[in-house]
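The values are calculated or read from the model by the stated rules, or taken from the named source; none is laboratory data. Every value quoted in this text rests on a predicted model; they were computed, and no experiment measured them. Note: ideal-geometry Cβ built from the backbone for every residue, glycine included; neighbour counts use all protein chains shown.
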Amino acid sequence: MSRPYWSVGRLSLGLLVIIMVVFWGWIYLFASRENVDRFSDRAFSEAAEPMCAAIQAEIDGLPGGHTATSPQERAVHVRTATDLTITMVAELRALMPLVAEEEDRARLERWFEDWDAYIVDREAHVVRLTEATDETPRNELAFLVSERVSGGFYTLRMDGLANVNDMASCHVPGDI
């Protein structure tokens, strides 16, 4: 006596394959491709990108951490870059009148809250470097990003919004 070709396992597997094909087909053909963080108006992005690029170029021109002979010398460079970052964020905030849509304004307000937290973290880093002694362990001199929400670093959100809105130069500075 032979077994039936269509067993419960084969029917289940076939149904699973059909569900997966329908699911991915729907996503491919019908799902929205718009990113929720994309601004509806490009005015802010177009004004922000060149301004951020100029300030990021100044930050990139500062000596790297590997050139510092002491934590205090490194603190001077980080302080300078932090001041430039504060200037960049202030100039970005000054562009808010370009944003007409309430949803875009809300996205930017959350982005600026993250920038404010980032600046606080940079300021704390400058203090740690300035107050370091010869006995301070190296791991205590690392730049620490505070966790503002569970599930990830806020700097990733900051860079994500900049990427989605074609503001590549408005990323978190790469100096530390």
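Observations on the structure shown:
- The range 50-81, subset surrounded by fewer than 16 Cβ atoms within 10 Å (Cβ to Cβ) and not in a helix (DSSP H, G or I), residue modelled with the highest pLDDT: GLY61
- Any chance ASN139 is more than 21 Å from GLY64 (Cα to Cα), of a type in the set (S, T, N, Q) and assigned to a helix (DSSP H, G or I): no
Residue-by-condition table, conditions (1) assigned to a loop (DSSP other than H, G, I, E, B); (2) of a type in the set (Asp, Glu); (3) modelled with pLDDT under 90; (4) in contact with a Pro (Cβ under 9 Å, 6 or more places away or on another chain):
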site	(1), (2), (3), (4)
LEU11	no, no, yes, no
LEU16	no, no, no, no
VAL22	no, no, yes, no
GLY25	no, no, yes, no
GLU34	yes, yes, yes, no
THR85	no, no, no, yes
GLU91	no, yes, no, no
ALA106	no, no, no, no
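- Residue match in the range 154-164 (condition: part of a loop (DSSP other than H, G, I, E, B) and assigned by TED's automatic domain parsing to the domain that holds SER70): no
- Residues in the range 93-108 that are of a type outside the set (Lys, Arg) and either under 15 Å from ALA48 (Cβ atoms) or touching a residue at least 12 places away in the same chain (Cβ under 8 Å) (or both): ALA94, LEU95, MET96, PRO97, LEU98, VAL99, ALA100, GLU101, GLU103, ASP104, LEU108.
- Flag set for ASP166, criterion: more than 30 Å from SER70 (Cα to Cα) and within 17 Å of the chain's Cα centre (by Cα).
- Filtered residue count, the range 85-132, keeping only those that are surrounded by fewer than 18 Cβ atoms within 10 Å (Cβ to Cβ) and either of a type in the set (A, V, I, L, M) or not assigned by TED's automatic domain parsing to the domain that holds GLU147 (or both): 13
- Residue within the range 164-174 that is out of contact with any Phe, Trp or Tyr (no Cβ under 7 Å at 6 or more places or on another chain), modelled with pLDDT of 95 or more, surrounded by 15 or more Cβ atoms within 10 Å (Cβ to Cβ) and small (Gly, Ala, Ser) present: yes
- Selection status of TYR5, part of a helix (DSSP H, G or I), loosely packed, with under 10 Cβ neighbours inside 10 Å and over 24 Å from the mean Cα position of the chain (by Cα): no
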